[in-house]
1. Considering only residues that are over 16 Å from residue 28 (Cα atoms) and assigned to a helix (DSSP H, G or I), which ones fall in the range 91-100?
2. Restricting to the range 139-155, and then to whatever is part of a loop (DSSP other than H, G, I, E, B) and touching a helix residue (DSSP H, G or I) at 6+ places or on another chain (Cβ under 6 Å), can you tell me which residue is modelled with the lowest pLDDT?
3. Can you go through 60, 69 and tell me which one is within 30 Å of residue 144 (Cα to Cα), surrounded by 14 or more Cβ atoms within 10 Å (Cβ to Cβ) and touching a helix residue (DSSP H, G or I) at 6+ places or on another chain (Cβ under 7 Å)?
4. Evaluate the following for residue 134: is it farther than 24 Å from residue 31 by Cβ and surrounded by 19 or more Cβ atoms within 10 Å (Cβ to Cβ)?
5. Looking only at the range 23-48, which residues are farther than 20 Å from residue 89 by Cα and not in a helix (DSSP H, G or I)?
6. Quick one: how many residues across the range 107-131 are assigned to a helix (DSSP H, G or I) and either exposed (fewer than 12 other Cβ atoms within 10 Å of the Cβ) or touching a residue at least 12 places away in the same chain (Cβ under 8 Å) (or both)?
């Protein structure tokens, strides 16, 4: 049975339950609370208070999301797009990607090694296949080209 979100306390409790599972952005948390039937004015009040108390933080959410997706083998372009779709500001996303401390070149090489066992493409067809995969993962064509041509490799 789902809780009725007709009081500020109920909305806050539900928001805190969601935040206890993982970090959320304000837009995402608002959407989830609306889907559970919370009135918009109560959502805003509850989220404002959680933000003031430091329990809801866009910065923490961005750091967590970037780190998680990078560990999953995704590059900056893909992560940027996913965060934009979640309603975050472009300037905040770019700042988070710059300050995350992730070496995107190393991340690209790791993703490539896991998928293709570190084998450089032997023909144009294989090169295109590897390039498409890495591009889909969110790495720039410049980085991919450098990798697949054998430059910047530590082997």
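1. The initial filter retains those residues of the range 91-100 that are over 16 Å from residue 28 (Cα atoms), namely 91, 94-100.
Once the filter is applied, which keeps residues that are over 16 Å from residue 28 (Cα atoms) and assigned to a helix (DSSP H, G or I), the range 91-100 yields 91, 94, 95, 96, 97, 98, 99.
2. Residue satisfying both the conditions and the ranking: 152.
3. Only one candidate qualifies: 69.
4. The answer is yes for residue 134.
5. The answer is 36, 37, 38, 39.
6. Residues meeting the conditions: 14.
One line per residue, one yes/no per condition, for (1) modelled with pLDDT of 95 or more; (2) within 30 Å of residue 15 (Cα to Cα):
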{"site": "65", "(1), (2)": "yes, yes"}
{"site": "82", "(1), (2)": "yes, yes"}
{"site": "98", "(1), (2)": "no, yes"}
{"site": "129", "(1), (2)": "yes, no"}
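The values are calculated or read from the model by the stated rules, or taken from the named source; none is laboratory data. From a predicted model like this one, the values you see are computed outputs, not experimental measurements. Reconstructed Cβ throughout: ideal geometry from the backbone, glycine too, with neighbour counts over all protein chains shown.
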